[in-house]
Amino acid sequence: MTFRQDAPAPILVPAKGDAFDFRLHAVFNWTAQNMTYEELRFRAERYLGWSAGIVRERAVDLAREHEPHRSHDLERALNGRLGGQRWPREGAVPFFSVLIRVSPDERVRERLRPYWEDRIRLECDHELQKIRAAQADELTRRWCAVLQGLEDDPVTSHAARLTGEQFAEVFRRYVEERRESVPELVKLLREAVRGHGDLGMGPSEYTEAWDAALRTYERQHGLSERVN
């Protein structure tokens, strides 16, 4: 038969320097055989002051080795020392084992608050910068892939100017420029054809006209440096 019992109030033990106290929150596990649950509970409540005294006695010297803000370190040390032990040791029943949680003095907690607020803010800012850097790296890699894929495409000169905020505006200007260039190119090509067929242009003149049309197209689409 077992009975779990929480200490009704923290057990106070002095921290290093004796200026502050640690607060020990003890949980007792009582065990007995050949005993009803009600009887075990009655005895556990009867022995509560005694069991809390044992915990404080075992904890005082160890607590004085720990600075007031090192409650977590003390908690691990106490549970490491008291874990697996039981009282009373002579075999009387019921006996108990104990698990301890440690919290700092409230004054220490208030002094720690600004430190942890700054630390949380710094860590959050750091994580945010990491996310931004990762997103920028991913965006850069994607644009590199896009630009490499457009290496031989007339869109390249426009795409190179793009940023996330500028995309719509640049794309709109690109479409308008293409719309404006097409009638000029068509007019030039028509004149070349008309000159050859209707005006009696010779082969060399016809070739020059087509060459002019081709160069105009290349220049308007950023290809004049790539084509010999």
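Details
- Long-range amide H partners of F95 with built H, under 5 Å: T31
- Positive-end extreme of charge dipole, segment 1-118 - chosen from A52, F20, M1 (charges on Cβ): M1
- Amide H contacts of D21 (H built 1.01 Å from N, under 5 Å, at least 5 apart or other chain): A15, D105
- About the centre of its Cα atoms, segment 1-86 shows a dipole size close to 180 debye [charges on the beta carbon of Lys, Arg (+1) and Asp, Glu (-1) only; nearest 20 debye].
- The stretch between W116 and Q33 holds 25.1 nm of extra length on full extension. This uses 0.36 nm per residue minus the Cα-Cα distance.
- Neighbour net charge for L40 - beta-carbon separation under 13 angstrom, K R +1, D E -1: +1
- For Q5, net neighbour charge (Lys/Arg +1, Asp/Glu -1) across residues whose Cβ lies under 15 Å away: +2
- Subtracting the Cα-Cα distance of H25 and S97 from their residue separation scaled by 0.36 nm leaves 24.5 nm.
Read-outs: derived from the displayed coordinates by stated rules, not from any lab. Remember, predicted model here, so these are calculated numbers, not experimental data. No Cβ is skipped: glycine too gets one built from the backbone with ideal geometry, and neighbour counts run over all protein chains shown.
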